[in-house]
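Undergrad: Supplied in structure tokens, the structure appears directly below.
The values are calculated or read from the model by the stated rules, or taken from the named source; none is laboratory data. Everything numeric in this text was worked out from a predicted model, so none of it was measured. Ideal geometry is used to build each Cβ from the backbone, glycine not excepted, and the neighbour counts take in all protein chains shown.
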């Protein structure tokens, strides 16, 4: 990674917390932390002006840096400064940010820091770079210095179809459709990585659940459209193909009944606002027989308890 070294260097100047027990030790900890915070600011300033000499001086004379991409070691300040100059070449717009996950002290003079480092670019077309790092710090003659740093590139996040499904994000949450006879509650949420939305539903008559089921909404990469699959507690299942028309979502639904019979219908969802929508089923067919359209019903978001 071109800027792996420069990213991790800033990490080495990050905040450390010493875990001493006595009041005197606690005072030492406070002073050391203030010093390291000042070093952190100094390092950021040096990075932003591409001052490799100042940055290298914050390492111990025998410090070792291990490149995340090649596994090669840079030993000593001169070697580290050279790698810094190479990494800065053509990266005048690079900016560094670091997030510390943990700092553990194996002794009052040795600390192990772990975290993530990010480099972003404001002008060039270079992609942001992110690594997980481990930095070993040593305290020499009253100064905290970097002694050894290694890092690995963060794994590429799994692919997500969120961009294709985000237009339906307003459906996330709990919804209720209620009349004098029955109450239907639907709970919608994202799956991990936002590749699918799940909508569980339950139909209650009185205090008893009469029917329940699950709808899964996802992106079909072959046909390039949103699709859904419904499975109900009676053994039926169906497949829906979604299209966005104006302020409505039109779902062409085809299904199979528990006895093997075939069904089809057009379901129409219309968002009214963030807390309400309407639903209607039209063009209903069961085993070749046309059925009347269902009246449009209002569905509202369930109030937060």
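Undergrad: Out of curiosity, is residue 275 loosely packed, with under 15 Cβ neighbours inside 10 Å, within 20 Å of residue 179 (Cβ to Cβ) and out of contact with any helix residue (DSSP H, G or I) (no Cβ under 8 Å at 6 or more places or on another chain)? Write out each step before concluding.
TA: On the way: loosely packed, with under 15 Cβ neighbours inside 10 Å: yes; within 20 Å of residue 179 (Cβ to Cβ): yes; out of contact with any helix residue (DSSP H, G or I) (no Cβ under 8 Å at 6 or more places or on another chain): yes.
The answer is yes for residue 275.
Undergrad: Out of 287, 239, 283, report the one residue that is surrounded by 13 or more Cβ atoms within 10 Å (Cβ to Cβ) and on the phi > 0 side of the Ramachandran plot.
TA: Working: 287 fails: surrounded by 13 or more Cβ atoms within 10 Å (Cβ to Cβ); 239 fails: on the phi > 0 side of the Ramachandran plot.
It is 283.
Undergrad: Here is a further query. Tally the residues that are surrounded by fewer than 19 Cβ atoms within 10 Å (Cβ to Cβ) and either closer than 17 Å to residue 141 by Cα or touching a residue at least 12 places away in the same chain (Cβ under 8 Å) (or both), restricting the search to region 41-59.
TA: Quick first cut of region 41-59, residues surrounded by fewer than 19 Cβ atoms within 10 Å (Cβ to Cβ) only: 41-42, 44-45, 48-51, 53-54, 57.
Imposing the further condition that a residue be either closer than 17 Å to residue 141 by Cα or touching a residue at least 12 places away in the same chain (Cβ under 8 Å) (or both) reduces the set to 42, 44, 48, 50, 53-54, 57.
Qualifying residue count for the region: 7.
Undergrad: When the residues of region 114-125 are narrowed to those that are without any contact (Cβ under 8 Å) to a residue 40 or more places away in the chain and either over 18 Å from residue 103 (Cα atoms) or not assigned by TED's automatic domain parsing to the domain that holds residue 63 (or both), which ends up surrounded by the fewest Cβ atoms within 10 Å (Cβ to Cβ)? I'd like the intermediate steps shown before the answer.
TA: At the first step, the residues of region 114-125 found to be without any contact (Cβ under 8 Å) to a residue 40 or more places away in the chain are 114, 116, 120-125.
Next, only the ones that are either over 18 Å from residue 103 (Cα atoms) or not assigned by TED's automatic domain parsing to the domain that holds residue 63 (or both) stay: 120-125.
Values: 120: 14, 121: 16, 122: 8, 123: 8, 124: 11, 125: 5.
It comes out as 125.
Undergrad: Mind checking whether some residue in region 216-223 is farther than 28 Å from residue 156 by Cβ and surrounded by 15 or more Cβ atoms within 10 Å (Cβ to Cβ)?
TA: no
Undergrad: Six or more apart or on different chains, Cβ atoms under 6 Å: show the pairs whose first residue is in region 171-183 and over 14 Å from residue 202 (Cα atoms) and whose second is surrounded by fewer than 13 Cβ atoms within 10 Å (Cβ to Cβ).
TA: Every condition considered, no pair remains.
Undergrad: The conditions are (1) closer than 17 Å to residue 277 by Cβ; (2) under 24 Å from the mean Cα position of the chain (by Cα); (3) modelled with pLDDT under 95, and residue 156 fails exactly one of them. Which is it?
TA: (1)
Undergrad: Please work out which residue is farthest from residue 55 (Cα to Cα), limiting yourself to region 127-152 and to residues that are over 21 Å from the mean Cα position of the chain (by Cα), without any contact (Cβ under 8 Å) to a residue 40 or more places away in the chain and crowded, with 16+ Cβ neighbours inside 10 Å.
TA: Of everything passing the filter in region 127-152, 134 is farthest from residue 55 (Cα to Cα).
Undergrad: Kindly provide the set of residues from region 109-149 that are out of contact with any helix residue (DSSP H, G or I) (no Cβ under 8 Å at 6 or more places or on another chain) and farther than 25 Å from residue 28 by Cα, ordered by number.
TA: 116, 120, 121, 122, 123, 124, 125, 126, 127, 128, 130, 132
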